[in-house]
1. To make sure I understand the rule: partners must be lysines, Cα under 17 Å from the Cα of residue 206, and not fewer than 8 residues away in the same chain. Which ones qualify?
2. May I ask you to sort 75, 115 by Cβ crowding, counting other Cβ atoms within 10 Å and putting the fewest first?
3. I want the local charge near residue 274. Using Cβ-Cβ distances under 10 Å, sum +1 for each Lys or Arg and -1 for each Asp or Glu among the other residues.
4. With a sphere of radius 14 Å drawn around the Cβ of residue 139, what net charge do the other residues whose Cβ falls strictly inside it have (Lys, Arg +1; Asp, Glu -1)?
5. If you rank 155, 84, 48 by fewest surrounding Cβ atoms within 10 Å, what's the result?
6. Nearest 20 debye, what's the magnitude of the dipole of the chain about its Cα centre given +1 on Lys and Arg Cβ and -1 on Asp and Glu Cβ?
7. Using a 10 Å cut-off around each Cβ, can you sort 20, 37, 95 from fewest to most neighbouring Cβ atoms?
8. Report the relative contact order of region 89-157, percent, no decimals, based on alpha-carbon pairs under 8 angstrom and at least 6 residues apart.
Amino acid sequence: MKADMHIHSYYSDGMISPADIAEMCKRNGVGLAALTDHDNMNGSAQFERECALRGIKSVRGLEISAYTSVKVHILGYNVNPDCETYKKFEKFVCDGALSRTADILSKLKKRGINLTFSDVVRERKCEKSPVHTMYIARAAARKGYASSPSAFYAEMLALSRPAYSDVGRPSPEYALEVIEGCDGFSSLAHPGRLELSPSERLELIKQLCSHGLRGIEAVYSGHTEKETAYFTEIAAKFSLLVTGGSDTHYAEGSRSVGTPAFTPSEELLSALGIN
């Protein structure tokens, strides 16, 4: 069964609806999918319904944007949204996003970049989406401060850049605590994008395993064949299950739903409760 376990909708920084994603899954032969919006599962119920209408199996998911000295994204599957631990986490990240936005806008203003909170939330396509840093980048590009949102993000908002803010950022350990505490399955997203040396990356993975990490996204749209093979070996070394996903955000983007091809193992299907 072809699967895509990493897709974003407009409930975070994507630009497509859960229904559109389900249709893309059907068109591309995906039989199992997970919507993994950043720090929330607000689109999960709609996605599950749309997948069911098309005969596609789905797993409830989210991607927690965690930070240490580097960005460490943790995918969570089958997290119980009614769990008190999750509800506390949801409040933490939503409140943190508002405070972080204010902090970023203040830092930008000092550099002559004038954006209002209204400018930022205007970029949301869905009111149930927590305020995402990419909305700031889109607002800035719209007002002519950069050639594109991605260029503005890289120049001003990324880790260590002038307007970066760590306000309200959860740690990887907290992310894993939330996922495990709410009966979920955790996986380290796109390990090839970790800005660490090989030895530092291995040490981080080892540390995350000690806090309950259960999987690693070895099959990823941004990984080379060599990286995929390497992280598959790392999975075996640390007794982690391999997950895979496209990280699709846009219908017209370079990352297409269902690519690269990923077939989940029986062990992963069992861990996710998929028959």
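1. 71, 237
2. Placing the least packed residue first, the sequence is 115, 75.
3. Counting the neighbours of residue 274, the net charge comes to 0.
4. Numbers: positive: 109, 122, 124, 125, 138, 142, 143; negative: 13, 119, 123.
Residues near residue 139 contribute +4 overall.
5. 84, 155, 48
6. It comes to approximately 880 debye.
7. In increasing order of surrounding Cβ atoms, one gets 95, 20, 37.
8. Working: 57 pairs, mean separation 17.3, N = 69.
Computed over region 89-157, the figure is 25 percent.
Throughout, read-outs are computed from the coordinates displayed, never taken from laboratory work. Please read these numbers as outputs of a predicted model, since none were measured by experiment. Backbone-built Cβ (ideal geometry, glycine too); neighbour counts: all protein chains shown.
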